[in-house]
Amino acid sequence: MLSVLIPLMNLNPIGLAESLAGQLLECGKPFEILISDDSAEAGSSIIAPLVEKIPGVRYFKRDTPLGRSANRNFLAREAQYEFLLFIDGDAGMANDNFIKNYLCNLSHDTVLCGGTLYQHQPPENIEFMLRWKYGRQREQTDAKSRQKRPWASFSTFNFLIPAEVFKNICFDETVNGYGHEDTMFGINLHKRGINILHLNNGLFHLGLESAMSYLAKMQESCANLRNLEARNSFTQEHAKDLSLLITWKRLRKYHLDGLAATWFKYRRKSIEKRLCGPRPSMLLLDLYKLGSISSID
């Protein structure tokens, strides 16, 4: 019936796996929970015997990391059931009907996206303020809003897909590092005419990075976006939902991207200081990303 697939990086998945197993057992449907830790760090010898005591769980740990996309593809190959529920390892349960809400909407030709939630209260540690604020303002949106452009709102954080549909798409393993594997997956769903239904069935994103770690990820994401654009991965219709790409291409058209890169070179440290503070600006973050993508050779 349902294979729950949890890719993670050096996290303790016990709490999430226990919550999921409890709901799945209550539903009475056949299930499995597959967890794959893609970090090279030690610690699985402690986690593995504990997490594998949870009903239906299989735990994988490798010495050599596969990468974000390849790890998800690995889990899908290991899965035995007809529906695949992908959940990131830093997710937290938001309601007791999470699994039931998905099961009520199952279809063999539709991908279901549950959404991402963030705690209402800001983090006490200001190092995490940027990631929390970005999540609250840019990622936490209701199903009705996401459904207006369903493929453009696709997220890998929490989604369910028929196994037969996934086999024809998979994650693009050439997208290295952080960023835009979900963009390409959503685009491929759209190209193949696969239905996407957004639900108000979110999970909390608990794994907030520090501001500097998140800014480093943003730079990886900008590099991936430039590489994908160079490979002509986006049609005009798909590109119009990528505001950063559109703005950068406009700058390049009028030969202003070099000016943006120079500005970024001299202002980067002061911008990072403000973004790491207690009141990070989303506009300033947008300018940071624009300067970053313009600085790539």
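The values are calculated or read from the model by the stated rules, or taken from the named source; none is laboratory data. Computed from a prediction, not measured in an experiment: that's the story for all the values here. Positions of Cβ are generated from backbone atoms using ideal geometry, with glycine treated the same way; all protein chains shown enter the neighbour counts.
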> Pairs under 7 Å by beta carbon, first residue modelled with pLDDT under 95 in the stretch 95-116, partner hydroxyl-bearing (Ser, Thr, Tyr), six or more apart or different chains?
Replying inline: none
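Given the options LEU206, LEU215, LEU197, name the one that is touching a strand residue (DSSP E or B) at 6+ places or on another chain (Cβ under 6 Å) and farther than 21 Å from ASN105 by Cα.
The conditions single out LEU206.
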>> Just the residues that are in contact with an Asp or Glu (Cβ under 7 Å, 6 or more places away or on another chain) and either on the phi > 0 side of the Ramachandran plot or surrounded by fewer than 18 Cβ atoms within 10 Å (Cβ to Cβ) (or both), please, taken from the stretch 179-211.
In response: GLY179, ASN195, ASN200, LEU206, GLY207, SER210
> Checking TYR288 against (1) under 30 Å from PHE171 (Cα atoms); (2) free of Cβ contacts under 8 Å to residues at least 60 places away in the same chain, which test does it fail?
Replying inline: (2)
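If you take the residues of the stretch 156-176 that are of a type in the set (A, V, I, L, M) and at pLDDT below 95, which of them is surrounded by the most Cβ atoms within 10 Å (Cβ to Cβ)? First the steps, then the outcome.
Applying the first criterion (of a type in the set (A, V, I, L, M)) to the stretch 156-176 yields 160-161, 163, 165, 169, 175.
Retained after the next criterion (residues that are at pLDDT below 95): 169, 175.
Values: ILE169: 17, VAL175: 22.
Restricting to residues being of a type in the set (A, V, I, L, M) and at pLDDT below 95, the top hit is VAL175.
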> Looking at (1) modelled with pLDDT under 95; (2) within 29 Å of GLY114 (Cα to Cα), which is the one condition that is false for LYS249?
Replying inline: (2)
> How many of the residues making up the stretch 142-155 are buried (at least 18 other Cβ atoms within 10 Å of the Cβ) and either assigned to a helix (DSSP H, G or I) or out of contact with any Asp or Glu (no Cβ under 7 Å at 6 or more places or on another chain) (or both)?
Replying inline: 4
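Is there a residue being part of a helix (DSSP H, G or I), under 17 Å from the mean Cα position of the chain (by Cα), assigned by TED's automatic domain parsing to the domain that holds SER155 and β-branched (Val, Ile, Thr) anywhere in the stretch 192-210?
Looking only at the stretch 192-210, we keep the residues that are part of a helix (DSSP H, G or I), and these are none.
Among the residues of the stretch 192-210, not one is part of a helix (DSSP H, G or I), under 17 Å from the mean Cα position of the chain (by Cα), assigned by TED's automatic domain parsing to the domain that holds SER155 and β-branched (Val, Ile, Thr), which makes the answer no.
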>> Can you pull out every residue in the stretch 157-189 that is in a helix (DSSP H, G or I) and not aliphatic (A, V, I, L, M)?
In response: GLU164, PHE166, LYS167, GLU181, ASP182, THR183, PHE185, GLY186, ASN188
> Which one is farthest from LYS217 (Cα to Cα) among residues in the stretch 242-282 that are within 22 Å of the chain's Cα centre (by Cα), of a type in the set (A, V, I, L, M) and part of a helix (DSSP H, G or I)?
Replying inline: ILE246
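Give the number of residues within the stretch 6-23 that are under 21 Å from GLY67 (Cα atoms) and surrounded by 22 or more Cβ atoms within 10 Å (Cβ to Cβ). Reasoning before the result, please.
The initial filter retains those residues of the stretch 6-23 that are under 21 Å from GLY67 (Cα atoms), namely 6-13.
Then keep just the ones that are surrounded by 22 or more Cβ atoms within 10 Å (Cβ to Cβ); that gives 6-7, 13.
Count: 3.
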